[in-house]
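Throughout, read-outs are computed from the coordinates displayed, never taken from laboratory work. Just so we're clear, the structure is a prediction, and the values are computed from it rather than from any experiment. Reconstructed Cβ throughout: ideal geometry from the backbone, glycine too, with neighbour counts over all protein chains shown.
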Amino acid sequence: MSLFESYATDGFYDEMFEPSGLPRPHYRKLYQRLVSMSKEDFRRRCQLADLTLVNQGITFAVYGNDAGVEKPFPFDLIPRIIPSAEWDLIERGLKQRLTALNLFLHDVYHDQKILNDRVIPRDLVVDAVNYRREFIGANPPHGIYVHICGSDLIRNADGQLLVLEDNLRTPSGVSYVLENRIILTRVLPQLFRDLAVRPVEHYSTQLLRNLMDLAPEHCNGEPNVVLLTPGVYNSAYFEHSFLAQQLGIQLVEGRDLFVDENFVYMKTTSGPQRVDVIYRRVDDDFLDPLVFRADSALGVPGLINVYRAGNVSLANSIGTGVADDKVIYAYVPRIIEYYLGEKPILSNVETYLAWQPKDLSYILDNLDKLVVKAANESGGYGMLIGPQATAAERADFANRIKSNPRNYIAQPLISLSRSPALVEDRFEGRHIDLRPYVLYGKDDITIVPGGLTRVALRKGSYVVNSSQGGGSKDTWVLAGETPEALGGEMRQTQRSHTETAPQDAENLPDNGGAH
């Protein structure tokens, strides 16, 4: 029996199947490959993927989980496919969005024209939790505030792509994009033979080039770039160590750095080495105890003064969090029109702002129909999914909203699109989103083809975050050409991953487990 034997779309927009039950045109070859595989064959390849994840330490941490800190990151082997024309729309929309948000950040830390013109209420910006008054008047290299952006996209019941939120501080997850591709090409190499899938491996090269371009003017020779991590207990520590290795740079904690004569130095066994660029994965609040949280042991005392003096560069810049505040999110369409004179290519989800009395009344009267989010939470925390919540949970959130209306937004529950995922011995539809990664360099904005497709593996769940039971898929962007027409670089990329891959199920270990 096929793994699709009892598959049903259940009235949701399905990424692979049309309402008629036939596979969509860009999925047909993948579907044919999958239906030709036995359940046992697919299960054993899942085992190999799981074993690879464990052996390579591809994990994440769940805060507050007494059963253990680290868990393997769940990986579903059925890729999500995006046709080239749709990717072109996504790429143009995200470049437009990040360009406008960068202009917004420069403005609110300098002339504040958008506030003076009352396009956005001034209090919403200057009183935002992540608006950094210490950064007013400072100028980051090349005028770029957000060097790495991860905006989350969803598809609604009509098939329309919408931006759910922007992540402009320290977006995570790109390591899984790179690792997912490597694992899938090793355990299911035959899936790549029929389709021209665009590679993702150049992300590290492009990021390193962008980071080196941020070097201060005083830098002579090759810049010294480091990745600053909060340490091993951070939920994304695997990613920090993985990216440092991929970039060929040092992974450091705050205690490894110090400030002297308004420069930052790294402690080494051969003596101090000056640091020119810091790819920081530490939030603003913890970066410098002399400026922000005095109790922070994660940052570097004096770092902000060095940064303002132009003697070290940071990616991302300080203060970018004001632009991914979920209340400011509601104004991004206006921000795009204000700075670029263009209509948004990608739309927002309809959003109600609790600070507005009319919206507050609507939210409180319709909590059983809405998704409520705290303005600056992430990872699926600080959120209420009204239709799935209990009366007590809704009452609790109503009190939270009334006590601090500025801190909450509400949105209708979007019927997120679904994609097939392996559940025990069959495929079932599970809700997904997409986080593409956008790199803003001094010369151009580049986007990795695809990004991280996150999947809510719990039946009926709309929460895709790994901390809430979610997993991930490899994301394929089609090149719009046959594999034979592709350039040598793409063919070589795929060949390098598949040369040592197992070619049949007999080569795979049977150790009794499955996804």
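For L164, the residues 5 or more places off, or on other chains, whose built amide H falls under 5 Å of its own are D152, L153, I154. The range 399-468 and the range 73-102 have Cα centres lying 13 Å from one another.
Ranked by the mean number of other Cβ atoms within 10 Å of their residues, highest first, the peptides 15-23, 74-82, 305-313 come out as 74-82, 305-313, 15-23. In this entry, the range 350-412 is assigned a mean projected area of 3.8 nm², taken as a quarter of its C-alpha convex hull surface. Note on E86 and R458: their simple-model spin labels are 2.7 nm apart, each label 7 Å out from Cα toward Cβ.
The stretch between D368 and D260 holds 33.3 nm of extra length on full extension. This uses 0.36 nm per residue minus the Cα-Cα distance.
Longer than 18 Å from Cα to Cα, which of K95/K326; K39/K459; K343/K369; K358/K402 are they? Say none if no pair is.
K95/K326; K39/K459; K343/K369
Please give me the summed charge of the neighbours of Y7: other residues whose Cβ is under 12 Å from its Cβ, Lys and Arg +1, Asp and Glu -1. Result for the local shell: -1.
Amide H to amide H distances under 5 Å link L413 with V371, where only residues 5 or more positions off or on other chains count and H is placed in the peptide plane.
Between T390 and Q160, the contour length at 0.36 nm per residue exceeds the Cα-Cα span by 79.8 nm.
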